[in-house]
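The values are calculated or read from the model by the stated rules, or taken from the named source; none is laboratory data. What you see is a predicted model, and the numbers here were worked out from it, not measured in a lab. Cβ placement follows ideal geometry from the backbone for every residue including glycine, while neighbour counts extend to all protein chains displayed. Just the protein is used for accessible areas: all its heavy atoms, side chains included, with ligands, DNA and RNA removed. Shrake-Rupley method; radii C 1.70, N 1.55, O 1.52, S 1.80 Å.
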Amino acid sequence: MKYARTTEGKPYLSNKVGQFRCFNFNVSHAGEYVVIASHPDCVVGVDVMEVDLPNKKETIDDFFSTMEYCFTKYEWINIKAGSTGAGVRAHTSDKRRLDQFFRHWCLKEAYIKAIGIGLGLELQRAQFTIDNDNNTATIAIDGIPQPQWSFVITYLEHIPGMEPASGLEYIVATCIGPPADVIPSYYEAVIRPSISAEAVTQNLPIHNSYSILTPEKLVRRE
């Protein structure tokens, strides 16, 4: 396998993979955990974060003030209201707000990584609405809904087979969308020219399943 990077720094598999139209992958890590998403036909993004203040010496309000530019007013209203409903593990007000913050953060990170733009996108252009189940979300770019994209959010601890260290909580967001939405440099690098953009924008699957692989399973034994 051969790897390369786009001019924006997006890594991709430079040698084409069999019959796949646009095999691509995305990786994220937090703490002791690494998550990877891949798909043969659609573009994917993934991001994982520990639900905790990066700097234990600052307050949650101080932390939010440094990240104000990342979210729209609508998103901040939802973040500061805190996560509620089924599947939310946070018990205190601050923890619920952090939970909602990292749900939004992981969604944005997963999306910008999927389309290959990275930090080149002004984050407030992408606005997320998290559904009532707290496990799915929708996106609007510059106020225009993008129904062709699917987003799933879950706790790492809720994945069958996962046993994170006691007391730690991680949120992981995954997205999947049409290759036609990626930036030009990434499109040219990954999409096979013989495949039309329309051919890969139909019937996008929604995946919310992960396979747990230990280091022992990842290392090939001769």
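With K and R counted +1 and D and E -1, the other residues having a Cβ less than 14 Å from that of W76 yield a net charge of +2.
The residues of region 1-50 expose, per residue, 56 Å² of accessible area to a 1.4 Å probe. Pairs over the 26 Å Cα-Cα cut-off, from the set K56/K108; K10/K73; K10/K108: K10/K73. Take the Cα of T59, step 7 Å toward its Cβ, do the same at F25, and the gap between the two points is 4.5 nm. Compared with the direct C-alpha span, the chain from R125 to A180 gains 17.9 nm at full extension, assuming 0.36 nm per residue.
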